[in-house]
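Structure record follows, encoded as structure tokens.
The values are calculated or read from the model by the stated rules, or taken from the named source; none is laboratory data. Predicted, not measured: the structure shown is a model, and the values here were computed from it. Note that we place each Cβ from the backbone using ideal geometry, even for glycine, and neighbour counts take in every protein chain shown. Surface areas here come from the heavy atoms of the whole protein model, side chains and all, with no ligands, DNA or RNA. Shrake-Rupley method; radii C 1.70, N 1.55, O 1.52, S 1.80 Å.
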Amino acid sequence: MTPNIHYEHREIVGERLELTDKKAIYWLGPDVTLRGCTLVTNISARWLHLVSGNLIDCTIHAKSQLKTLPWAPMKLKGCRFKGHFGGNDFGFREDVDDRWMTGGIEDCDFSEARLNGCAFYNCDMSTIRLPRWPCFTFLEPLKHAAELRQHTWPGRVGRVTIEVVCESTKDTAAVTWHAPTVAEKMDTTVEELRAALETAPGIFM
């Protein structure tokens, strides 16, 4: 029987939480606050359920790639992210369900993280420290959608990656990708991709 490990209805201060047992299901929330903690994951996102709560001044370290995890139910403030994150969503969302409207993100640092296909919703990106190249970020994608579609892109970047970015919801503040990963999948090179990004609007890298 798969054990369930619950962190709920309490405040945890200054502890190191190892979410590494691949035979367990971890639950953060409801109503949990982690303050000044280190949260280490080495599991698939399917075994980690974010219900509701607050992560304040915490370090989140993904030792293996953490894929397609919605952080929307959690309020993140002053946190630092390390490791690989793919397809994660940060910030609350109004287009899914009520549970995804309870969170948020501010004053967080992703400079030591590798993000690919990760989106930020309903937040002030000036408070977010983003990773630099080889990661790159589309800021306010809907604002720049027309120009991005008209821009010249190598390989399949324009037909696939840019279309995904331009079809973002209205509450999308930014989308971040990892250049080597995009280049490999979109039939181009990192050098060609960077050259195109350098003259595109709304890019941070």
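Are any residues in segment 187-205 in a helix (DSSP H, G or I) and touching a helix residue (DSSP H, G or I) at 6+ places or on another chain (Cβ under 6 Å), and if so, which ones? Spell out how you get there, then give the answer.
At the first step, the residues of segment 187-205 found to be in a helix (DSSP H, G or I) are 190-197.
Selection gives Val190, Leu193.
Please verify whether segment 60-72 includes one or more residues that are in a strand (DSSP E or B), over 20 Å from Met125 (Cβ atoms) and in contact with a helix residue (DSSP H, G or I) (Cβ under 6 Å, 6 or more places away or on another chain).
Checking segment 60-72: at least one residue is in a strand (DSSP E or B), over 20 Å from Met125 (Cβ atoms) and in contact with a helix residue (DSSP H, G or I) (Cβ under 6 Å, 6 or more places away or on another chain).
Spot the failing condition for Ile162; the list is (1) assigned to a loop (DSSP other than H, G, I, E, B); (2) closer than 26 Å to Phe92 by Cα, and only one is missed.
All conditions pass for Ile162, except number (1).
Which of the following residues is within 26 Å of Lys77 (Cα to Cα), open to solvent by 60 Å² or more (accessible area, probe 1.4 Å) and in contact (Cβ under 8 Å) with a residue 24 or more places away in the chain: Lys143, Lys170?
Selected residue: Lys170, the only one of Lys143, Lys170 that is within 26 Å of Lys77 (Cα to Cα), open to solvent by 60 Å² or more (accessible area, probe 1.4 Å) and in contact (Cβ under 8 Å) with a residue 24 or more places away in the chain.
If you go through segment 1-25 one residue at a time, how many are of a type in the set (Ser, Thr, Tyr) and either touching a helix residue (DSSP H, G or I) at 6+ places or on another chain (Cβ under 6 Å) or loosely packed, with under 13 Cβ neighbours inside 10 Å (or both)?
First, pick out the residues of segment 1-25 that are of a type in the set (Ser, Thr, Tyr): 2, 7, 20.
Now restrict to residues that are either touching a helix residue (DSSP H, G or I) at 6+ places or on another chain (Cβ under 6 Å) or loosely packed, with under 13 Cβ neighbours inside 10 Å (or both): 2.
Counting residues in segment 1-25 that are of a type in the set (Ser, Thr, Tyr) and either touching a helix residue (DSSP H, G or I) at 6+ places or on another chain (Cβ under 6 Å) or loosely packed, with under 13 Cβ neighbours inside 10 Å (or both) gives 1.
Of the numbered conditions (1) surrounded by 17 or more Cβ atoms within 10 Å (Cβ to Cβ); (2) under 28 Å from Gly53 (Cβ atoms); (3) touching a Phe, Trp or Tyr at 6+ places or on another chain (Cβ under 9 Å); (4) not charged (D, E, K, R), Val165 satisfies every one except a single condition; which is it?
Only one criterion is unmet by Val165, namely (2).
When residues of segment 165-186 are filtered for being in a helix (DSSP H, G or I) and touching a Lys or Arg at 6+ places or on another chain (Cβ under 7 Å), how many remain? Steps first, please.
Of all residues in segment 165-186, those in a helix (DSSP H, G or I) come to 165-166, 179-185.
Remaining after also requiring touching a Lys or Arg at 6+ places or on another chain (Cβ under 7 Å): 166, 179.
Matching residues across segment 165-186 total 2.
Look through segment 88-102, keep the residues that are part of a loop (DSSP other than H, G, I, E, B) and open to solvent by 10 Å² or more (accessible area, probe 1.4 Å), and return whichever of them is farthest from Trp133 (Cα to Cα).
At the first step, the residues of segment 88-102 found to be part of a loop (DSSP other than H, G, I, E, B) are 88, 91-97, 102.
Narrowing further to those that are open to solvent by 10 Å² or more (accessible area, probe 1.4 Å): 92-97, 102.
Details: Phe92: 26, Arg93: 27, Glu94: 30, Asp95: 30, Val96: 31, Asp97: 34, Thr102: 32 Å.
This residue is Asp97.
Restricting attention to segment 103-122, which residues are within 18 Å of Thr169 (Cα to Cα), free of Cβ contacts under 8 Å to residues at least 60 places away in the same chain and open to solvent by less than 40 Å² (accessible area, probe 1.4 Å)?
Within segment 103-122, Gly103, Gly104, Ile105, Cys118, Ala119, Phe120, Tyr121 meet the criteria.
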